[in-house]
Amino acid sequence: MANEMIKVSKFRHVAIVVKDYKKMIDFYSKILGFEIIREIEVSNEEFRKGIGLPNAVAKGAHLAIPGNNVEIEMFQFEKKMDRCDELSIANYPGFRHIALIVENLGEAYASLKSKGIEFVSEPICMKEPPSVAGFRFVYFKDPEGNIIELNQLP
């Protein structure tokens with residue numbers, strides 16, 4: 001029994017802890033087109049116990065790309081942290097990056113650039129290794145500096 005894997009049925013969400021809830025909700029919904037599924041405020045004991053933070057108070061939202069069931073869970077905690085001595089604490093800001101698929105990377109890049117979004121580079125088309133040849137991508141950052149990758153699949 002100890003060597004058996006659990007059976008994951010599907011991917012639900014990626015969580016982002018933010019410093020400026022309104023600014024981030026506006027960016028993800030009005031610039032990237034995510035739909036706000038629900039908004040919540042939590043400070044109950046079950047929430048605090050479950051995330052391991054005894055005094056946690058947070059407001060949050062679940063957002064999704066229309067027609068897609070993977071969500072972004074966004075929280076702003078009342079007590080913010082600037083740095084963390086312990087990795088992966090529940091209210092530490094950020095993530096490494098998320099990747100979103102677009103049909104036409106050139107059009108998406110031009111549209112976001114026209115809205116003032118700054119990119120790490122122009123869109124890149126991979127030639128090597130052969131297993132990813134034709135894959136196109138570009139990196140940019142949301143208002144709090146989290147990296148977002150746009151992908152166009154070959």
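I need every pair where a residue in the range 42-54 that is part of a strand (DSSP E or B) has its Cβ under 9 Å from the Cβ of a residue that is modelled with pLDDT of 90 or more and basic (Lys, Arg), sequence separation at least 6 or different chains.
From the range 42-54, the pairs are Val42/Lys59.
Suppose we filter the range 19-41 for residues that are touching a residue at least 60 places away in the same chain (Cβ under 8 Å) and under 12 Å from the mean Cα position of the chain (by Cα); how many remain? Walk me through how you get there before you give the answer.
Step one: filter the range 19-41 for residues touching a residue at least 60 places away in the same chain (Cβ under 8 Å), giving 19-20, 23-24, 27-28, 31-32.
Next, only the ones that are under 12 Å from the mean Cα position of the chain (by Cα) stay: 24, 27-28, 32.
Residues meeting the conditions: 4.
Of the residues that sit in the range 107-154 and are among the β-branched types (Val, Ile, Thr) and closer than 23 Å to Lys30 by Cβ, which one is surrounded by the most Cβ atoms within 10 Å (Cβ to Cβ)? Reasoning before the result, please.
So in the range 107-154, the residues among the β-branched types (Val, Ile, Thr) come out as 117, 120, 124, 132, 138, 147-148.
Filter once more, keeping what is closer than 23 Å to Lys30 by Cβ: 117, 120, 138, 147-148.
Working: Ile117: 17, Val120: 11, Val138: 21, Ile147: 15, Ile148: 19.
The residue in question is Val138.
The values are calculated or read from the model by the stated rules, or taken from the named source; none is laboratory data. What you see is a predicted model, and the numbers here were worked out from it, not measured in a lab. Quick reminder, even Gly has a Cβ in these numbers, built from the backbone with ideal geometry, and neighbours come from all protein chains shown.
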